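Worksheet: one structure, shown below.
The values are calculated or read from the model by the stated rules, or taken from the named source; none is laboratory data. Bear in mind that the values here come from a model prediction, so they are computed numbers and not experimental data. Glycine also receives a Cβ, built like all others from the backbone with ideal geometry; neighbour counts cover every protein chain displayed.
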Amino acid sequence: MPHRNVSCRARGTWREHLAPVAVLAGVVTALSGCNLVPTFGATRGVTTQAHEEYRLWYWMAIAGIAVAVFVWGLIGWAVLRYRRRDDHMPKQVHEHIPLEITYTVIPLLMVIVIFVFTVMTENFVDNNPPRPAAVINVTAYQWGWIFKYAHTGGVTIQTAEKAAPSLLPKSYFNKVYPTLTIPVDETTRIYLRSLDVVHGFYVHEFNFSRYAQPGVTNTISFTPTTTGWFPGQCTQFCGLYHSEMLFNVHVVPDAWYRTWLKAEERSVKHERLFGFAPLPAKAGP
Ligand SMILES: [Cu+2]
C-alpha cells in the first residue's frame, strides 16, 4: 500500500507548516496595535458617516482575506496533493460545465453583494438630512480655505485670507491654518465651492474626500461623534502652495459651539463697525 504511506507523509508536512503560520498570524495581530481588532489600514473615523465607511471597508477586507485563504488553500492543496511523484500523467479535465458554472456564479454573487453594500453605504454618506445644526459655506482657493457660517448674517469666520497668496512667499511658514468649528452629535451641512481650480476637501478622520470644483456646489453632511481636533487638507494638486492648503476641524460640544459662534459674530461685527478686531476671543466658553 505505497499510496497510503505517501498521504501520511503529506499530512505530517501540513502540520509542520501550520505551526509557523499560526505563530506569524498571532504576531501580526499583536503588532497591529494595542487594539486586537485589526483595522486593515483604515481609520475607524469620528463621524457616523465615517463609521459606515469603516464598516464597509472592514467587512470587505474580511471577505477578501477569506477568499484569499480559500484560494491559497486550494493552490497549496493542489501543489502538495498532485506534486510530481513519477512520470505518470494525471487525469486531464476540460469543459467541466458544473465546475465552470460554479466558478462563474460564486464570484458574480460576491460582486453583487459588494455592490449592494457599497451603494447602501454611499447613500448613507451622501445623504443630507434636513434641518442641520450648522450650515457652512466652504470655499477653496489657491491656496487656502474660507469658512463662512450661515445664520450669522453671512459672517465670514476663521479664514486664511489674511495670510493669502500675495504674502505667501514671506509668511507661509508662520501662517495660522483656518479652523472649521462644528458641533458634536449634530449634523453639519457644507456647501463646497472653489474660486479657481479643482481642490479636494479631505479630512482623514472623517474617511471622506470631495472635489471643490469651480462653478459647481457640492453639498455634503457630517455628524461627528467625538470632540477634538482633526487635520484636514487639499487632496488635489492645485499649484505651487498646494501643500499649504491645510485646515483644522474642531469638533466641540453643542453649547460651546453656539457660544463660540456668537462670540465670533460679535467680533466680526465689531471689526466692520470700528475697522479693527477686538481683543482675541477666548478659545471656548
Ligand atoms: Cu488645493
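Exactly one residue among 138, 216 is over 16 Å from residue 244 (Cβ atoms) and either exposed (fewer than 13 other Cβ atoms within 10 Å of the Cβ) or at pLDDT 95 or above (or both), and that residue is 216. Report yes if some residue within the range 103-126 is within 16 Å of the ligand (Cβ to nearest atom) and either surrounded by 16 or more Cβ atoms within 10 Å (Cβ to Cβ) or of a type outside the set (A, V, I, L, M, F, W, C) (or both); otherwise report no. The answer is no; no qualifying residue exists. Residues that are assigned to a strand (DSSP E or B), within 16 Å of the ligand (Cβ to nearest atom) and either without any contact (Cβ under 8 Å) to a residue 60 or more places away in the chain or surrounded by fewer than 16 Cβ atoms within 10 Å (Cβ to Cβ) (or both) are absent from the range 242-255 altogether. Note on the range 141-180: residues that are more than 16 Å from the ligand (Cβ to nearest atom) and either part of a loop (DSSP other than H, G, I, E, B) or at pLDDT 90 or above (or both) amount to 8.
Listed here are the residues, each with its yes/no results for (1) more than 16 Å from the ligand (Cβ to nearest atom); (2) of a type in the set (Phe, Trp, Tyr); (3) assigned by TED's automatic domain parsing to the domain that holds residue 50; (4) in contact with a strand residue (DSSP E or B) (Cβ under 7 Å, 6 or more places away or on another chain).
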position	(1), (2), (3), (4)
195	no, no, no, yes
198	no, no, no, yes
201	no, yes, no, yes
205	yes, no, no, yes
212	no, no, no, yes
223	yes, no, no, yes
231	no, no, no, yes
239	no, no, no, no
